[in-house]
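Participant: Just passing along the structure, written as structure tokens.
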Amino acid sequence: MSTTHRTDVAIVGAGIAGLSLATRLKQENPSANVTLVGPEDLRPQRISTWIDSRNTVPAFVESCIDKRWGTWRFRDTFGNVYAQHADTTHYAAINGKRLKEQLEEYAKLLGIQRIKESCDSVARTSTGYQFIFKDQRAVSTQLVDTRPPAIPSTTIKQQFVGRIIRCDNPHGHTTPQLMDFTARPIANDGLTFVYTLPLSDHDLLIEATTFSPTLYAQADYEACIRQWIENHLAPNNAWKDIETESGILPMGPVEPADGALARCGIAGGSSRASTGYAWHGTQRQVAKLAKAFALGDDLTTEQVYSYRARFMDALFLRVLQHQPEAIYQLFMVMAKRLPGDTLAHFLCDEDGWRPCLRTILTAPKWPFIRALWRA
């Protein structure tokens, strides 16, 4: 086995986190030798996130946004609907597969060394790192691992199955529904809800989601989606599947592929424990790592959520574990009483203490006080 590659920084894992980090590093440090290691990720992927309408979005991201909305809705278990409107925040649906394809093209344009093989092992050396792929060896001065982590059985999980359907006639849904609690129950030890996005007049994303420590069968989620379609789509409106996606987001501790390496993405804590929204966390990690690299600092795993957010998330998860009904009540109170911008800022850990305090004032108190005693 001979050395075939030398590089200043290697990024292991070529999903959205790896691609985002590699291109940002190279863009801001054109003379650096950047290597991205890992097979192309061609899976369908839908990224739903919050975007400040006052800020410019990078062109390659903007071109992948299927739709934006300034209004969204929640539906409680009785079928009552609560709408929220935001003045400055948009809820956006990003086509993740198209984004990955564009980032791959951008990486090629920037001259990033691309190794489309799985990394078999990484070892620390006296001068940096050695990594092995397909019986070849490469060395790098710095290295960041963006591979997905394992999720322990005890960690609460956000599990989902989503289907995009295309209807023969307009489906009549015009506003995202972030949580519909009239959904057919899946989790008996957590929450179940359906999430819907009207991607066009004829295309509709329907996603069944659970917050639970238990992993449930895909068939349970499919049954939940079918029932939602039966209840909310006109019976004479024929439709067909055009895309399916499934996934699991950790709502708590994870097990990275190698805990000794600098990490970015979900293994590095980009997914907020109580809400997900890993896109925000990943982009913050990428910005911090790019700045550290430009300054010549060692690259390390970056904490991107504030202490207040992590403290509130810990309480949220204790309540979810012991009193899932109280978390349902929390979401409903937030839907009824918080302005849309405040909700978005709270979920994304933005705008300091203000959205946190407004959320605390609206939230049911006793479940969280009891959770404090369990700490």
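Participant: Among all the aspartates and glutamates, which ones have a C-alpha under 12 Å from Lys134's C-alpha, if same-chain residues fewer than 8 places away are not counted?
Facilitator: Excluding near neighbours in sequence, the set is Glu117, Asp120.
Participant: For q = 0.07 Å⁻¹, what log10 I(q)/I(0) does the chain give under the Debye formula with an equal point scatterer on each alpha carbon and no solvent?
Facilitator: Each listed q corresponds, in turn, to -0.33.
Participant: Put Ile266, Ile115 in order of accessible area, largest first, 1.4 Å probe: what do you get?
Facilitator: On the way: Ile266 50, Ile115 10 Å².
Result of the area sort, largest leading: Ile266, Ile115.
Participant: How large is ³J(HN,Hα), in whole Hz, for each residue of region 187-202 in order, when computed from phi with the Karplus curve 6.51 cos²θ - 1.76 cosθ + 1.60 and θ = phi - 60°, using x for Gly and Pro?
Facilitator: 3J(HN,Hα) across region 187-202, in whole Hz: 7, 9, 10, x, 10, 10, 8, 10, 10, 10, 10, x, 6, 7, 4, 10.
Participant: While we're here: Quick one: net charge around Val161, please, counting Lys, Arg +1 and Asp, Glu -1 for every other residue with C-beta under 14 Å from its C-beta.
Facilitator: Values: positive: Arg43, Arg46, Lys157, Arg163, Arg184, Arg226; negative: Glu207, Asp220, Glu222, Asp241, Glu243, Glu245.
Local net charge: 0.
Participant: So how far, in whole Å, is the C-alpha centre of region 321-355 from the one of region 71-120?
Facilitator: Each part reduced to its Cα centre gives a spacing of 21 Å.
Participant: Need one number: convex hull volume per residue for region 231-375, Cα atoms only, in Å³. Can you show the working numbers first?
Facilitator: Working: hull volume 26.1 nm³, N = 145.
Considering the Cα atoms of region 231-375, their hull volume per residue is 180 Å³.
Participant: Please turn the phi angles of region 111-122 into ³J(HN,Hα) values with the Karplus equation 6.51 cos²θ - 1.76 cosθ + 1.60 (θ = phi - 60°), one per residue in order, whole Hz, x for glycine and proline.
Facilitator: x, 6, 5, 10, 10, 8, 10, 5, 7, 7, 6, 10
Participant: Bin by bin, in steps of 5 Å, what percent of the Cα pairs in region 1-104 do you find, going until the bin that has the longest distance?
Facilitator: 2, 11, 16, 16, 15, 12, 10, 7, 5, 3, 2, 1, 0, 0
Participant: Something else: What does the net charge come to around Trp239 if you take all other residues with beta carbon closer than 11 Å to its beta carbon, with K and R at +1 and D and E at -1?
Facilitator: Numbers: positive: Arg163, Arg166, Lys240; negative: Asp168, Asp203, Asp241.
Value of the local net charge: 0.
Participant: Sticking with this one: Which is farthest toward the positive dipole end of region 233-336 among Val286, Leu315, Met334, measuring Cα position about the Cα centre, with Cβ charges +1 (Lys, Arg) and -1 (Asp, Glu)?
Facilitator: Met334
Participant: Also, I was wondering about something else. Count the net charge of all other residues whose Cβ sits under 15 Å from the Cβ of Asp76, scoring Lys and Arg as +1 and Asp and Glu as -1.
Facilitator: Numbers: positive: Arg73, Arg75, Lys336, Arg337; negative: Asp180, Glu325.
Its environment carries a net charge of +2.
Participant: If you put +1 on each Lys and Arg Cβ and -1 on each Asp and Glu Cβ, how big is the dipole of region 90-156 around its Cα centre, in Debye rounded to 20? Before the final figure, lay out the partial values.
Facilitator: On the way: 10 positive and 7 negative charges, 14 e Å.
The calculation lands at about 60 debye.
Participant: Further, regarding this structure: Given an 8 Å cut-off on Cα distances and at least 6 residues of separation, report the relative contact order of region 97-247 as a percent. Could the numbers behind the result be given before it?
Facilitator: Details: 244 pairs, mean separation 34.5, N = 151.
In percent, rounded to a whole number, it is 23.
Participant: Place a +1 charge on the Cβ of each Lys and Arg in the chain and a -1 charge on the Cβ of each Asp and Glu, then give the dipole magnitude about the Cα centre in debye, rounded to the nearest 20. If you can, show how the numbers build up before the last one.
Facilitator: On the way: 41 positive and 39 negative charges, 141 e Å.
In total the dipole reaches around 680 debye.
Participant: I need the chymotrypsin sites (Phe, Trp or Tyr not before Pro) found in region 1-79, filtered to DSSP loop residues with at most 12 other beta carbons within 10 Å of theirs. Show your work: numbers first, answer last.
Facilitator: Values: sites: Trp50, Phe60, Trp69, Trp72, Phe74, Phe78; in loops: Phe78.
Qualifying residues, ordered by number: Phe78.
Participant: Quick one: compute a quarter of the convex hull surface over the Cα atoms of region 184-303 and quote it in nm². Before the final figure, lay out each step's value.
Facilitator: Details: hull surface 39.4 nm².
Projected area, direction-averaged: 9.9 nm².
Participant: Rounded to the nearest angstrom and ordered from largest down, what semi-axes does the equivalent ellipsoid of region 128-186 get from its C-alpha gyration tensor (root of 5λ)?
Facilitator: Semi-axis lengths for region 128-186 are 44, 19, 12 Å.
Participant: Continuing with this model, one more query. Volume per residue, Å³, of the convex hull around the alpha-carbon atoms of region 281-361?
Facilitator: 105
Participant: Can I ask one more? Could you give the longest part of the chain that holds none of the trypsin sites (Lys or Arg not before Pro) found in DSSP loops with at most 16 neighbouring Cβ atoms within 10 Å? Walk me through the numbers before you get to the answer.
Facilitator: Details: sites that count: Arg54, Lys116, Lys134, Lys365.
The longest uninterrupted stretch comes out as 135-364.
Participant: Also, quick follow-up: I'd like to compare 27-34, 273-280: which one has the highest average count of other Cβ atoms within 10 Å, and what's the full order after that? Mind showing how you got there, number by number?
Facilitator: Numbers: 27-34: 14.5, 273-280: 22.1.
Highest to lowest by the protection proxy: 273-280, 27-34.
Participant: Roughly how much of Glu222 is accessible, in Å² to the nearest 10, using a 1.4 Å probe?
Facilitator: Spelled out: Glu222, probe radius 1.4 Å, area about 40 Å².
Participant: Could you size up the charge dipole of region 225-375 around its Cα centre, putting +1 on the beta carbon of Lys and Arg and -1 on that of Asp and Glu, and report it in debye to the nearest 20?
Facilitator: On the way: 17 positive and 15 negative charges, 149 e Å.
Dipole magnitude for region 225-375 comes out near 720 debye.
Participant: Another question, then. Which of the listed residues, Gly247, Pro170, Ala234, is farthest toward the dipole's positive end in region 149-285, when Lys, Arg count +1 and Asp, Glu count -1 at the beta-carbon?
Facilitator: Farthest along the dipole direction, towards plus: Gly247.
Participant: Only Cα pairs under 8 Å and at least 6 apart count here; give the relative contact order of the chain as a rounded whole percent. Show your work: numbers first, answer last.
Facilitator: Working: 787 pairs, mean separation 68.8, N = 375.
For the chain, the relative contact order is 18 percent.
Participant: Skip the ligands, DNA and RNA, and give the accessible area per residue of region 14-158 with a 1.4 Å probe, whole Å².
Facilitator: Values: 6790 Å² over 145 residues.
Result: 47 Å² of accessible area for each residue.
Participant: Check cross-link reach from Lys67 to the aspartates and glutamates: straight Cα distance under 13 Å, and skip same-chain residues fewer than eight apart.
Facilitator: The qualifying aspartates and glutamates are Asp201, Asp203.
Participant: Here's another thing I want to ask about it. Mind checking which aspartates and glutamates have their Cα closer than 15 Å to the Cα of Lys100? Skip sequence neighbours fewer than 8 apart in that chain.
Facilitator: Output for Lys100: Glu40, Asp41, Glu62, Asp66.
The values are calculated or read from the model by the stated rules, or taken from the named source; none is laboratory data. Because the structure is a prediction, the values reported are computed rather than measured. Reconstructed Cβ throughout: ideal geometry from the backbone, glycine too, with neighbour counts over all protein chains shown. Side chains are part of the model used for accessible areas, which takes the heavy atoms of the whole protein and leaves out ligands, DNA and RNA. Shrake-Rupley method; radii C 1.70, N 1.55, O 1.52, S 1.80 Å.
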